[in-house]
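Visitor: Pasting a structure here, questions to come.
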Amino acid sequence: MAAPAGPQKEIIEKLNREINAAIADPAMKARLGALGGQPLPGSPSELGKLITDETEKWARVVRAAGLKPE
């Protein structure tokens with residue numbers, strides 16, 4: 001999950017807490033799995049690091065393959 005920039009820290013913390021609790025539920029895990037998803041609980045800073053790491057990883061792949069936008 002992500003939110004636009006600017007929400008108060010308390011709102012982000014509450015959303016994070018509630019989302020982590022929801023994706024810990026076995027029924028939710030099963031539903032996400034049935035849709036091909038994988039729950040990744042964590043903190044907002046962990047999500048930011050994941051996004052940064054994945055962006056860098058796939059940017060290297062795109063550059064190495066010489067891909068260009070059409």
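Quick note: the coordinates plus some simple rules give every number you see, no bench work behind them. Keep in mind it's a predicted model, so treat the numbers as computed, not measured. Counting neighbours? That spans all protein chains shown, and the Cβs are built from the backbone with ideal geometry, glycine included.
Visitor: So Ala2 ticks every box in (1) touching a residue at least 12 places away in the same chain (Cβ under 8 Å); (2) surrounded by 11 or more Cβ atoms within 10 Å (Cβ to Cβ); (3) among the hydrophobic types (A, V, I, L, M, F, W, C) but one. Which box is left unticked?
Guide: So the condition that Ala2 fails would be (2).
Visitor: What number goes with the only condition from (1) surrounded by fewer than 12 Cβ atoms within 10 Å (Cβ to Cβ); (2) touching a helix residue (DSSP H, G or I) at 6+ places or on another chain (Cβ under 6 Å) that Pro44 does not pass?
Guide: So Pro44 meets the others, but not (1).
Visitor: Which one of the conditions (1) in a helix (DSSP H, G or I); (2) surrounded by 10 or more Cβ atoms within 10 Å (Cβ to Cβ) does Ala27 fail to meet, given that it meets all the rest?
Guide: Condition (2) is where Ala27 drops out.
Visitor: Working only within the stretch 1-20, note down all residues that are in a helix (DSSP H, G or I), within 23 Å of Leu32 (Cα to Cα) and either touching a Leu at 6+ places or on another chain (Cβ under 8 Å) or among the acidic types (Asp, Glu) (or both).
Guide: Glu13, Glu18
Visitor: How do the pairs read when you match residues in the stretch 47-61 that are closer than 21 Å to Pro4 by Cα with residues anywhere that are in a helix (DSSP H, G or I), using Cβ under 9 Å and keeping only pairs 6 or more apart or on different chains?
Guide: So the pair list comes out as Leu47/Asn16.
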